[in-house]
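Engineer: Can you keep this structure in mind? I'll have questions shortly.
The values are calculated or read from the model by the stated rules, or taken from the named source; none is laboratory data. The shown structure was predicted, so the numbers you read here are calculated from the model rather than taken from an experiment. Don't worry about glycine lacking a Cβ; one is built from the backbone with ideal geometry, like all the others, and counts go over all protein chains shown.
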Amino acid sequence: MKSFLPPCWVIGLTLLSLPAIASGPAVVASMKPSDLVEYTTQPPQIQALIEEALSLTEKKLYYRFGSNSPDLGGMDCSGAVQYTLNQAGMTEVPRSSYKIYHWANDHGTLISTRKATSLEDPVFEQLKPGDLLFWEGTYEVKDRNPPISHVMIYLGRHKLDGLPIMFGSSDGRHYRRQRMNGVSVFDWKIPRPQDKSKFVAYGPVPGLLDMEDQTPTASATPVGEKEGLDSLKSVFEKVFR
């Protein structure tokens, strides 16, 4: 029996629809927790989360699709969020942005922002440092309802200019007009109405404020090199089966 191999142009189009597996070198930005307006007034759990996030931005990690381990030199968006929450003491954080969305939604903590066109919309009045941020349409996804494709963490406003800051991993978002690549802080802006990507929801991390203290007691279970490649392999198997 002859084996079937998809045409090269099919493979090329599939690769274009996926985020980059690895991209470098890292171009990242960091700051101190004390640079944030709201930091000192936050509960200890949120302060510890912010500290863990900003500590990770100092490691010069590039954007690497399929990785949640700094040992691989880079991380993707949900990998960076999962790792940071694990380091802050959360042990049951899902791996993908889609599953993190449903985890938060199942706990009733998410606020829909689908009708918002600017950060001045009243729907953002409940936004607080430490909240999860969710997007659709940052890249093409299949078999997801809703089609969540991106997650980050809101950190608060910068003391220098009062502008909102978020944490995560990206190979194209900006900080102070400079394009970043990696685990970094970023300017938080919601997409324009005509953009393909949509900012769809935010909300607190389920159970974070119920923790008695925030001494890091759990570490992430990193996706190793083989596991990361196996994950990518499964994507291709679904596409070409």
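Engineer: Hey, can you tell me all the residues within the stretch 106-148 that are assigned to a strand (DSSP E or B), of a type outside the set (Gly, Ala, Ser) and out of contact with any helix residue (DSSP H, G or I) (no Cβ under 7 Å at 6 or more places or on another chain)? Outline the logic, then answer.
Structural biologist: To start, the set of residues in the stretch 106-148 that are assigned to a strand (DSSP E or B) comprises 111-112, 132-136, 148.
Subset that is of a type outside the set (Gly, Ala, Ser): 111, 132-136, 148.
Once the filter is applied, which keeps residues that are assigned to a strand (DSSP E or B), of a type outside the set (Gly, Ala, Ser) and out of contact with any helix residue (DSSP H, G or I) (no Cβ under 7 Å at 6 or more places or on another chain), the stretch 106-148 yields 133, 135, 136.
Engineer: Take the stretch 149-167 and flag every residue that is touching a Phe, Trp or Tyr at 6+ places or on another chain (Cβ under 7 Å) and in contact (Cβ under 8 Å) with a residue 40 or more places away in the chain.
Structural biologist: Listed by number, the residues that qualify are 149, 150, 151, 152, 153, 154, 155, 156, 164, 165.
Engineer: Taking the stretch 39-92 on its own, how many of its residues are more than 16 Å from the chain's Cα centre (by Cα), buried (at least 22 other Cβ atoms within 10 Å of the Cβ) and of a type in the set (Val, Ile, Thr)?
Structural biologist: Matching residues across the stretch 39-92 total 1.
Engineer: For the list (1) closer than 17 Å to residue 167 by Cβ; (2) buried (at least 17 other Cβ atoms within 10 Å of the Cβ), I need the number of the one condition that residue 113 fails.
Structural biologist: Status for residue 113: all satisfied but (1).
Engineer: Condition test on residue 2, is it out of contact with any Cys (no Cβ under 7 Å at 6 or more places or on another chain), among the charged types (D, E, K, R), over 22 Å from residue 160 (Cα atoms) and modelled with pLDDT under 95?
Structural biologist: On the way: out of contact with any Cys (no Cβ under 7 Å at 6 or more places or on another chain): yes; among the charged types (D, E, K, R): yes; over 22 Å from residue 160 (Cα atoms): yes; modelled with pLDDT under 95: yes.
It is true that residue 2 is out of contact with any Cys (no Cβ under 7 Å at 6 or more places or on another chain), among the charged types (D, E, K, R), over 22 Å from residue 160 (Cα atoms) and modelled with pLDDT under 95.
Engineer: Moving to a separate point now. Of everything in the stretch 94-110, what is crowded, with 22+ Cβ neighbours inside 10 Å and of a type in the set (A, V, I, L, M)? Give them in sequence order.
Structural biologist: 100, 104
Engineer: Out of 160, 127, report the one residue that is loosely packed, with under 15 Cβ neighbours inside 10 Å and under 20 Å from residue 33 (Cα atoms).
Structural biologist: 160
Engineer: Tally the residues that are among the polar types (S, T, N, Q) and either over 22 Å from residue 79 (Cα atoms) or touching a Pro at 6+ places or on another chain (Cβ under 8 Å) (or both), restricting the search to the stretch 160-199.
Structural biologist: Qualifying residue count, the stretch 160-199: 4.
Engineer: Filtering the stretch 149-171 down to residues that are assigned to a strand (DSSP E or B) and either farther than 24 Å from residue 88 by Cα or of a type in the set (Ser, Thr, Tyr) (or both), which residue is nearest to the chain's Cα centre (by Cα)?
Structural biologist: 169
Engineer: Would you say residue 162 is over 21 Å from residue 105 (Cβ atoms), among the small types (Gly, Ala, Ser) and modelled with pLDDT under 95? Walk me through how you get there before you give the answer.
Structural biologist: On the way: over 21 Å from residue 105 (Cβ atoms): yes; among the small types (Gly, Ala, Ser): yes; modelled with pLDDT under 95: no.
Considered against the rule, which asks whether it is over 21 Å from residue 105 (Cβ atoms), among the small types (Gly, Ala, Ser) and modelled with pLDDT under 95, residue 162 comes out as no.
Engineer: Could you list, ordered by first residue, the pairs with Cβ atoms under 7 Å in which the first is in the stretch 74-91 and without any contact (Cβ under 8 Å) to a residue 24 or more places away in the chain and among the small types (Gly, Ala, Ser) and the second is crowded, with 24+ Cβ neighbours inside 10 Å and in a loop (DSSP other than H, G, I, E, B), at least 6 apart or interchain?
Structural biologist: Matching pairs, first to second residue: none at all.
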